[in-house]
Each structure stands twice: as C-alpha cells, then as structure tokens.
C-alpha cells in the first residue's frame, strides 16, 4: 500500500507538470497608469501590449491616499497581442491632491493592483451647475449649484457686449445652493450669467424673451405707414 501511494503521487505530479495552466492570466503594460489634469477633469490613461484571461480594469480613487472607492470600470479589449489604449475621465475631481490606482481583474476574479499615482490639481473645482430653469424666460431665471465648501459666490449679468446690468454677492454653504435672477426689467436679447466661487468661474447663457409690452403695436404701425 505504501509503495502504491508513492507511485500514485509521482504519477499525479508528472501529469500536472505536463498539462499547462490554462487559467494563468497575464497583462503586459505598454504605458503605465498615469493621470493628467484637463479643464474638464482628470484624464486617466494606460496601455497594454498583451492580455490573457483579463476581465476588466477597475478604477479606484482616494482623496487621502489610504481609503479608496470605485470610480468606474473598463472592460478588457480581449485576449491577444497588440497595443490597446484605455482612457477614463474623472469629471468629479474635487480636492487639491487626488490619488488613483487600477485594480486589474482576471476572468477567475483574482486581481492585483497597479502602483498608486497622485496628482496635485492646479485648476480649482469649487462648484458645479446642477440644474437651471428654462434659459428662455421673460421674467425670472434660477440656477442650482452644488458647492463643495463654504465660501462667497459673486455673480454678474452681462449682455453680449459685456456690459454689466446686474451684480451681487452671497454666502454659499457646502451642498445645494439656489441663485435667482429677476430679468423682467431688461430688454429682450442674449445675456450671460457669470458665476464665481473663489478662482473658479462658470458662465450660463440666458435669452430674455419679449413681453407683450415689448412687442410693437401692429395696428399702430400700419396706421403710421398709411400716413
């Protein structure tokens, strides 16, 4: 019995040595994972030269370099040799310094991480315009902002020649803030609402529509033309 068990063990070792491991995944990178700041957010890029049994890339993000959360997922381009370029844009890039890493997931759900990359932001991201009322209005216009930290909001209403018709300031707090502008007394035309928090600026275009009082009296015009 003892000799038979030894023989069986050697036979199994010999068998597994001859049979290749078909589930061994591999990803060969051509361009390592990197981050680049753009006016619209942080562009994340990486490239591969060869992928075997690769399922996906999970993009993770952190604001302190310790606690990471899932930002998004990119599916594998498929097995085979040949360069594959991947890109992911983080449009919600808050914080002065941000940290990113890739979680490369195999088809059997095993995974490994790339090195963490960090980027110090030069472009401020203090607020986003979430929603607004109809941009064509004869009386009032409102816009809702998502503000990322307490601060001061300044705003100006300009015509197409950049003449300022209305301006103001108000304190904004972290979270949702609404700004209402009364345009009922302005002439019909195109206006720009300029919003600023800190060094960040955003512009919303408004079209003031004509009211009944602004419209010409057709009967009077015909009568004048008849004279």
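Taken together, the values in this text are just the output of simple stated rules run on the coordinates, not laboratory data. Everything numeric here is computed off the predicted structure, so don't read it as measured data. Cβ: placed from backbone, ideal geometry, glycine included. Neighbour counts: every protein chain shown.
Would you say residue 60 is crowded, with 16+ Cβ neighbours inside 10 Å and either on the phi < 0 side of the Ramachandran plot or outside any loop (DSSP other than H, G, I, E, B) (or both)? Even if it seems obvious, please write down each step before you answer.
Working: crowded, with 16+ Cβ neighbours inside 10 Å: yes; either on the phi < 0 side of the Ramachandran plot or outside any loop (DSSP other than H, G, I, E, B) (or both): yes.
Against the criterion (crowded, with 16+ Cβ neighbours inside 10 Å and either on the phi < 0 side of the Ramachandran plot or outside any loop (DSSP other than H, G, I, E, B) (or both)), residue 60 qualifies.
Out of (1) in contact with a strand residue (DSSP E or B) (Cβ under 7 Å, 6 or more places away or on another chain); (2) not in a strand (DSSP E or B), what's the single condition that is false for residue 105?
(2)
Please determine whether any residue of the range 143-155 is more than 24 Å from residue 200 (Cβ to Cβ) and surrounded by 14 or more Cβ atoms within 10 Å (Cβ to Cβ). Steps first, answer last, please.
From the range 143-155, those more than 24 Å from residue 200 (Cβ to Cβ) are none; that's our starting set.
The answer is no, given that none of the residues of the range 143-155 is more than 24 Å from residue 200 (Cβ to Cβ) and surrounded by 14 or more Cβ atoms within 10 Å (Cβ to Cβ).
Please specify each residue of the range 66-83 satisfying the condition of being surrounded by 13 or more Cβ atoms within 10 Å (Cβ to Cβ) and in contact (Cβ under 8 Å) with a residue 24 or more places away in the chain.
Let us first name the residues in the range 66-83 that are surrounded by 13 or more Cβ atoms within 10 Å (Cβ to Cβ), namely 68, 71-74, 76-77, 79.
68, 71, 76, 77, 79 - these are the residues of the range 66-83 that are surrounded by 13 or more Cβ atoms within 10 Å (Cβ to Cβ) and in contact (Cβ under 8 Å) with a residue 24 or more places away in the chain.
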